[in-house]
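Reviewing the structure listed below.
What follows draws every value from the coordinates through simple rules; no lab data is involved. All of these numbers come straight from a predicted model, not from anything done at the bench. With ideal geometry, Cβ positions are generated from the backbone for all residues, glycine too; neighbour counts draw on all protein chains shown.
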Amino acid sequence: MPASIAVGTQWGDEGKGRVVDVVAKESTMVVRYQGGHNAGHTLVVDGERFALQLIPSGVLYDHVTPVIGNGVVVEPSVLLAEIDTLEHRGVDCSRLVVSSHAHLVMPYHQVLDELNEARLGDAKIGTTMRGIGPAYADRASRLGVRMEHILEPDVFRARVAAALIDKNHLLREVHGHAGFDPEKLADEMLEQLAPRLREYIGDSVGIVHEALDRDERVLFEGAQATFLDVDHGTYPYVTSSNPVAGFASVGAGVGPNVFEQIIGITKAYVTRVGMGPFVCELHDEIGDLLVDRGKEFGTNTGRRRRTGWFDAVMARQSVRLNGLTEIAITKLDVLDTLETIRVCVGYNVEGIEHRYMPDRFSDLEKATPIYAELPGWREELSGVTEVDQLPPRALAYVKFLENEIGVPVRLVCVGPGREQYLRLTAS
Ligand code: GDP
Ligand code: IMO
Ligand code: MG
């Protein structure tokens, strides 16, 4: 059975959670490979809304084992609260496995994230303030604390103490913060979190490989998205991990030869939260309409998302960066009322047309969109479940995007509900 990756192709919130939920129906395991509780993945099942931050989106199915891979950074109290909320609503989380190698987002990471952002002032990134950047920085500096450490109290105390030497200095001298008492913090976490975490921590690499060896279908779920990637995104306005599909291999511990299907998830338009360039951004009433109809407010931070027209330049670049084999388009229904729909087919940078993202940030900042215009369909799509029920203009829009992206569109979503989608087959 093929291993699949689901990856966001824009700046996040494309509807990854809901697409993963669709694909997970035919999978036995869903593995998150990067990010942390900066993610917010929404699923709507039988009118009930679930907002997941850390637990993979397959958790709602009894036949799926959710796995948090080594590439994820985990805030343990957020994870336990998420488990409690789900179990309270009747979702069994006992199958969850959290990699022993996953790093912890510690309380000092969150404080540092907030203080760094405040210090940057107008140059801030607009992070989710969840401590994600400082946690990944510690991981790279070899000052991180891993899940396996919390299972061994002496090791945990020593790791926390080592991590806090320079951080306390920074907190006190640069930020005027009181800092953290390493022993007190370690003891509190050992007492309050370790006993419950113990049951979930395990050898995620082994478990994933056993499923692959049994020829089961395993789905790897990305958080954030291609243009928030720390290498390939709009740096420095990015997250601190690698959401691109290649990182599924690193963040879950499998070789790149296992992946056969790489699904690029894209909204029928574009949104972004936080700062950074956005070539097709709308600052008019159409932008407001997309916010209203698309309910474009952050799943867990509540921030209003910036909105813009579909950007084929980003999509093409995303095909290259991820090796996409197919596309899932979400939120097509949000465009239902528009008379005319624009699609950015290229960027103009000082008179030169670009079909792919400009290599240099300064060129991206200068880029202006080259638009194609298509007629809107002005019909409600929310009940459409078969391709032949799509109004011809809606199908023409999908086919136009497919042609511009150069990869087949296999799934189109027309509402947030689990059943509100249609599949497209090869034509
Ligand atoms: P993710 O982070 O990529 O999983 O996306 P989010 O959950 O943060 O944001 C996507 C939002 O759009 C959620 O509120 C979903 O319920 C909603 N959504 C997903 N697909 C569709 C769709 O096809 N139509 C509409 N109207 N809403 C959708
Ligand atoms: P999902 O998985 C949208 C953005 C933040 C900020 C930048 C860095 O739901 O798509 P960070 O806290 O990661 O250091 O913030 O990345 N960001 C997201 N935007 N969706 C997300 O996750 C995001 N996770 C981080 O807004 O611009
Ligand atoms: Mg989200």
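Please report Rg over Rh for the range 15-147, where both radii come from the alpha carbon positions and Rh follows the Kirkwood definition.
1.01
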Open item on the list: Using a Förster radius of 45 Å, what is the FRET efficiency between VAL91 and ARG393 based on their Cβ-Cβ separation? Nearest 0.05, please.
Closed with: 0.70
TODO: Report, to the nearest 10°, how far helix 153-169 tilts away from the longest principal axis of the Cα atoms in the chain, using its own Cα long axis and a range of 0 to 90°.
DONE: 70
TODO: Name the residue, out of HIS209, HIS37, HIS109, whose mean-square fluctuation peaks in a Gaussian network model built on the chain with Cα pairs under 10 Å.
DONE: HIS209
Task: Net charge contributed by nearby residues that have their C-beta within less than 12 Å of GLU188 (K/R +1, D/E -1) - done: -2
Task: Mean Cα-pair separation over length for the range 103-196, i.e. relative contact order, pairs under 8 Å, 6 or more apart, % - done: 24
- [ ] Find the Rg to Rh ratio for the chain, where Rh is the Kirkwood radius over alpha-carbon pairs and Rg uses the same atoms.
- [x] 0.97
Task: Using alpha-carbon coordinates, inclination of helix 182-192 to the longest axis of the chain, degrees - done: 70
Open item on the list: If I take every Cα pair under 8 Å that is 6 or more residues apart in the chain, average their sequence separation and divide by the length, what percent do I get for the relative contact order?
Closed with: 20
Task: Stretchable slack from ARG320 to ASN257, in nm (0.36 nm times residue separation minus alpha-carbon distance) - done: 20.9 nm
TODO: Compute the acute angle (0 to 90°) between the alpha-carbon long axis of helix 285-294 and the principal axis of greatest extent of the alpha-carbon atoms of the chain; round to the nearest 10°.
DONE: 60
- [ ] Arrange the peptides 200-207, 211-218, 25-32 so that the one whose residues have, on average, the most other Cβ atoms within 10 Å appears first.
- [x] 25-32, 200-207, 211-218
